[in-house]
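Student: Mind having a look at this structure? Questions to follow.
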Amino acid sequence: VKPDQRTYELLLGMHFTTRNFSEVKRVVADMKAGNVTLTPRALVVLIKTSLKTDNFDEAIFYFRHLKAAWLRNEGEATPSVAPRHIVSQLVDLSCKDHRLRDFVPLLEGVPITDEVVSTMLSECIRQKDTGLTHQVEQLARRQELTLSDMSYSLLIKGLSGEPARVLQLFNEVVARGTCLTADFATALLAFCSLTGNVSLANQLFEHMKPTQLPVLSSFIRFYAENEQYEKACDVYEHHSQCLKANDSNGLQSFFLDARLERSLMNAALRCNRHELAKKFLEVSPTNMAKHVAMIQSCAASNNLQGAKSVFQTLKDSGLELNSVVYNTVLHACVECHDIQAAEDWMTETKEAGFSDVVSYNTLIKAYLQTENFAKARGLMEEMRKEGLQPNRVTFNELINGMVTSNTRTHSHEIWATIKEMQTLGVNPNQVTCSILLKNLSSHSTQTDIAETMELINSMEDPMDEVLLSSVVEACVRIGKPDLLASKLKQFQGSDSVAVTGSHTFGSLIKAYGHARDIDGVWRCWKEMRSRHIRPTSITLGCMVEAVVSNGDTEGAYELIHQMQEDEHCNEVLNSVIYCSVLKGFTREKKLQRVWAVYEEMLQRRIDLSVVTYNTLIDACARCTRMDRVPEIIDDMKRQGVRANLITYSTMLKGHCQMGDIQRGFAILEEMQKDSAKPKPDEIMYNSLLDGCAQNNLVEEGLGLVQKMQKDGIQPSNYTLSLLVKLMSRARKLDQAFVLVEDLTRTFNFRPNVH
């Protein structure tokens, strides 16, 4: 007896039910061998099998056939032909594999539910793909699907970059006349916060007239955080009956979380609604921690009067005060950059008998912020007279003030302070060393570098990963490859520092890259990944840059693709990371690879910057393919990216390298005529002058130098070297000497050895 379609249907169903997927595949192979057509029921089983085995491509293959069968049945949606749960599971798998963009077109004409739409919109938001969001919305609209508030909420999130469209969606929901949900209100308020659209929030409030606690809380928080202080207080006071409930003692208490309460109280203090602010504090008049938190909140909002009002409320309650409260207000004065208020409060603190080391350190910090080192030193002397010993915080603030001062502090003054610190028995710690490392640069003396490293080695406290990161970053910054290599070798053989942060791994990767130790780069990366530490954009950027700078641009590009496939890491990819690969291929003069990376950036909707396009133009210049530049400029305009000085400079240099000097002059003239374009700088003039020298255009070159002076661009020694090259090639060396002498005298600088 020869098996027919029904026989195979039963066999497929049986093997699927017993989860014998290998047998399912064997039966399919037998059907193909016997030219037996797959029935809709068989296709459903095969789709289910593909879903169970997470084989998206296979599921799509069978779904195409199922859809064709469904269309042949004139759209009759039967459970055997187009079951909705199959569509739902296919959508889930496409989202899991980040293949939703491939799957959405296949849903055309296939009945979908609002739940499926919500799933797809959620994936669009995760991918930050506005275009795909539009596709999903249009698909739902063509099917005349009634969208739920959840779908509208997701649409608002997905289209938050299009304010006009969000407004249309809001008006559409309002026109339906249905009651808006809390989810919708939260989504729209999040959009209003992002865009600062207070007007739209007001419209939403007037339409909803909310009474639910979560919605009212969201509105109050929005108004308070967007500086609509009066409105926040009005909403709270007019709807306070919805925010109150009787507690077990029969007393009324407010159902507000701590963050909202701080925001609301700060709003009340900001708009002089002192009675309302007082009510919040009266609920727990003896809760000192709450009052301290409110003072800190006022300080963060630059509301010094509010901070003092909270202190006065606490003082009036009769509660015994302490140094913590006084120091919190003093810190508020410093945070609000009011030195006079800080000095007056310090006097009041002393009179109350609550001044301590923290009080002095806080005021010292205020003086150091204004670089008033004399007053800071005076306070340190006053501390000693009061029997208080300056501690590590005191000295670290002082040293940090010296290091970050706009007026140059000599290194001997910094080291004298370190010695004073040690004499008083206050040993430097990790913070001290980190501050000193911050002061090191390529201009630092060998003595400063050696003393800093010696201090780190002699430190009593164990090195932590923050200090480790500071050490390797300083070694990179000062440009001492031998020192960097020795430090990396030292840390590699030490187990004393447990590296757990992505930032520290990034610093180490960057350091190994500068040391040309590609094995060390990959060792750090693999160790970080083996510990399941998620890289940040900065860490991944350091890794890609390190691999590129060590000559393996293809390896860096492959790493980017690995990150794209990792659902936990693909969100950290950005334009800067891609640009590192673009620059690597550009230096290698691989224009096709440069273009492939750029097209991938467009496809994946990576935010493109002017740096991206400048790199593309540089690649064209290096590969003598300036004919592709107009296409790049058109793309820039479409993406809304404005050309900058580097853009024009790179184009000019590229044309000059190809011998098209006239095009270079045309770019210069175009920039000078258009006030909206950047003004040409010395680099552009030098590039054009170099082109003149290479093409023996003496008159044009001399005219360019005159134009350069007329435009107020001062020539440099590099300009002089180009002039000498221009004149010597024209066998006018005597005139070259005259020009050099004339220009150096006019602009008051000496020619160098070049």
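The values are calculated or read from the model by the stated rules, or taken from the named source; none is laboratory data. Fair warning: this is a prediction, and the values are worked out from it, not measured in the lab. So basically every Cβ, Gly included, is an ideal-geometry build from the backbone, and we count neighbours across all protein chains shown. Calculation scope for accessible area: heavy atoms of the full protein, side chains included, ligands and nucleic acids excluded. Shrake-Rupley method; radii C 1.70, N 1.55, O 1.52, S 1.80 Å.
Student: Out of 386, 371, 397, I need the residue that is within 37 Å of the chain's Cα centre (by Cα), surrounded by fewer than 18 Cβ atoms within 10 Å (Cβ to Cβ) and in contact (Cβ under 8 Å) with a residue 24 or more places away in the chain. Which one? Write out each step before concluding.
Tutor: Details: 386 fails: within 37 Å of the chain's Cα centre (by Cα); 397 fails: surrounded by fewer than 18 Cβ atoms within 10 Å (Cβ to Cβ).
Going through 386, 371, 397 in turn, the sole match is 371.
Student: Since residue 535 meets every condition but one in (1) touching a Leu at 6+ places or on another chain (Cβ under 8 Å); (2) under 30 Å from residue 129 (Cβ atoms); (3) not aliphatic (A, V, I, L, M), which condition does it not meet?
Tutor: Here residue 535 clears every test but (1).
Student: If we keep just the residues of the range 356-368 that are crowded, with 22+ Cβ neighbours inside 10 Å and among the hydrophobic types (A, V, I, L, M, F, W, C), which is farthest from residue 338 (Cα to Cα)?
Tutor: So the residue we want is 364.
Student: Filter the range 551-580 for residues that are within 26 Å of residue 639 (Cα to Cα) and of a type in the set (Ser, Thr, Tyr) and give the result.
Tutor: Within the range 551-580, 557, 575, 578, 580 meet the criteria.
Student: Here is a further query. Among the candidates 168, 228, 203, single out the residue that is without any contact (Cβ under 8 Å) to a residue 24 or more places away in the chain and either open to solvent by 50 Å² or more (accessible area, probe 1.4 Å) or of a type in the set (A, V, I, L, M, F, W, C) (or both).
Tutor: Residue meeting the stated conditions: 168.
Student: Of all residues being at pLDDT 75 or above and open to solvent by 70 Å² or more (accessible area, probe 1.4 Å) in the range 251-301, which is nearest to the chain's Cα centre (by Cα)? Just the residue, please.
Tutor: 300
Student: Name the residue, out of 560, 538, that is more than 23 Å from residue 593 (Cβ to Cβ), of a type in the set (Val, Ile, Thr) and in a helix (DSSP H, G or I). First the steps, then the outcome.
Tutor: Numbers: 560 fails: more than 23 Å from residue 593 (Cβ to Cβ).
Among 560, 538, only 538 is more than 23 Å from residue 593 (Cβ to Cβ), of a type in the set (Val, Ile, Thr) and in a helix (DSSP H, G or I).
Student: Can you tell me which residue within the range 166-198, out of those that are closer than 22 Å to residue 145 by Cβ and assigned to a loop (DSSP other than H, G, I, E, B), is nearest to the chain's Cα centre (by Cα)?
Tutor: Among them, the one singled out is 181.
Student: Within the range 347-355, is even one residue basic (Lys, Arg), buried (at least 18 other Cβ atoms within 10 Å of the Cβ), at pLDDT 90 or above and within 24 Å of residue 299 (Cα to Cα)? Give the steps one after another, and end with the answer.
Tutor: Step one: filter the range 347-355 for residues basic (Lys, Arg), giving 350.
Pick out the ones that are also buried (at least 18 other Cβ atoms within 10 Å of the Cβ) and you get none.
No - not one qualifying residue is present in the range 347-355.
Student: Let me ask something additional. Which residues, counting only those in the range 311-322, are open to solvent by 30 Å² or more (accessible area, probe 1.4 Å) and more than 19 Å from residue 265 (Cα to Cα)? Explain how you work it out, then say what you get.
Tutor: Of the residues in the range 311-322, the ones open to solvent by 30 Å² or more (accessible area, probe 1.4 Å) are 312-313, 315-320, 322.
Residues satisfying the conditions are 318, 319, 320, 322.
Student: Let me ask something else. Can you say whether residue 627 is part of a helix (DSSP H, G or I), acidic (Asp, Glu) and either free of Cβ contacts under 8 Å to residues at least 12 places away in the same chain or open to solvent by 10 Å² or more (accessible area, probe 1.4 Å) (or both), as far as the supplied structure shows?
Tutor: Against the criterion (part of a helix (DSSP H, G or I), acidic (Asp, Glu) and either free of Cβ contacts under 8 Å to residues at least 12 places away in the same chain or open to solvent by 10 Å² or more (accessible area, probe 1.4 Å) (or both)), residue 627 qualifies.
Student: Here's another thing I want to ask about it. Is it the case, given these coordinates, that residue 586 is more than 26 Å from residue 639 (Cβ to Cβ) and in contact with a Ser or Thr (Cβ under 7 Å, 6 or more places away or on another chain)?
Tutor: Judged against the criteria, residue 586 is not a match.
Student: Among the residues in the range 122-132, are any in a loop (DSSP other than H, G, I, E, B), in contact (Cβ under 8 Å) with a residue 40 or more places away in the chain and more than 22 Å from residue 180 (Cα to Cα)?
Tutor: Checking the range 122-132: at least one residue is in a loop (DSSP other than H, G, I, E, B), in contact (Cβ under 8 Å) with a residue 40 or more places away in the chain and more than 22 Å from residue 180 (Cα to Cα).
Student: From the list 628, 638, 663, exactly one residue is touching a His at 6+ places or on another chain (Cβ under 6 Å) and not aliphatic (A, V, I, L, M). Which is it?
Tutor: On the way: 628 fails: touching a His at 6+ places or on another chain (Cβ under 6 Å); 638 fails: touching a His at 6+ places or on another chain (Cβ under 6 Å).
Going through 628, 638, 663 in turn, just one is touching a His at 6+ places or on another chain (Cβ under 6 Å) and not aliphatic (A, V, I, L, M): 663.
Student: Within the range 6-35, restricting attention to residues that are of a type in the set (Val, Ile, Thr), farther than 27 Å from residue 111 by Cα and out of contact with any helix residue (DSSP H, G or I) (no Cβ under 6 Å at 6 or more places or on another chain), which residue is surrounded by the fewest Cβ atoms within 10 Å (Cβ to Cβ)? Spell out the reasoning first.
Tutor: Start the filter on the range 6-35 by keeping residues that are of a type in the set (Val, Ile, Thr), which leaves 7, 17-18, 24, 27-28.
Applying the additional criterion that residues be farther than 27 Å from residue 111 by Cα yields 7, 18, 24, 27-28.
If we keep only those that are out of contact with any helix residue (DSSP H, G or I) (no Cβ under 6 Å at 6 or more places or on another chain) as well, we get 7, 18, 28.
Values: 7: 14, 18: 10, 28: 19.
In this case the residue turns out to be 18.
Student: Evaluate the range 536-550: report whether one residue or more is under 21 Å from residue 462 (Cβ atoms), of a type outside the set (A, V, I, L, M) and either within 24 Å of the chain's Cα centre (by Cα) or open to solvent by 10 Å² or more (accessible area, probe 1.4 Å) (or both).
Tutor: No, the conditions are met nowhere in the range 536-550.
Student: A further question on this structure: Determine whether residue 237 is open to solvent by 40 Å² or more (accessible area, probe 1.4 Å), more than 29 Å from residue 131 (Cβ to Cβ), part of a helix (DSSP H, G or I) and modelled with pLDDT under 85. Even if it seems obvious, please write down each step before you answer.
Tutor: Details: open to solvent by 40 Å² or more (accessible area, probe 1.4 Å): yes; more than 29 Å from residue 131 (Cβ to Cβ): yes; part of a helix (DSSP H, G or I): yes; modelled with pLDDT under 85: yes.
Considered against the rule, which asks whether it is open to solvent by 40 Å² or more (accessible area, probe 1.4 Å), more than 29 Å from residue 131 (Cβ to Cβ), part of a helix (DSSP H, G or I) and modelled with pLDDT under 85, residue 237 comes out as yes.
Student: Go through the range 293-398 and tell me which helices (runs of 4 or more DSSP H), entirely inside it, have 3 or more residues that are under 23 Å from residue 431 (Cα atoms).
Tutor: 323-335, 357-369, 373-385
Student: Let me ask something additional. Between residues in the range 587-612 that are of a type in the set (Gly, Ala, Ser) and residues that are open to solvent by less than 70 Å² (accessible area, probe 1.4 Å), which pairs lie under 7 Å by C-beta distance while being six or more apart or on different chains?
Tutor: Qualifying pairs under 7 Å: 609/575; 609/641.
Student: Here is a check on your reading of the model: is residue 36 of a type in the set (A, V, I, L, M, F, W, C) and under 53 Å from the mean Cα position of the chain (by Cα)?
Tutor: In short, no.
Student: Oh, and also: Taking residue 677 and the conditions (1) at pLDDT 90 or above; (2) surrounded by 16 or more Cβ atoms within 10 Å (Cβ to Cβ), which numbered condition does it fall short on, given that it satisfies the others?
Tutor: Failed condition: (1).
Student: Hey, another quick one. Taking the condition of being assigned to a helix (DSSP H, G or I) and touching a residue at least 24 places away in the same chain (Cβ under 8 Å), how many residues in the range 138-165 meet it?
Tutor: Looking only at that region, the number is 14.
Student: Shifting gears a bit: Assess whether residue 637 counts as being under 21 Å from residue 703 (Cβ atoms), part of a helix (DSSP H, G or I) and open to solvent by 70 Å² or more (accessible area, probe 1.4 Å).
Tutor: It is false that residue 637 is under 21 Å from residue 703 (Cβ atoms), part of a helix (DSSP H, G or I) and open to solvent by 70 Å² or more (accessible area, probe 1.4 Å).
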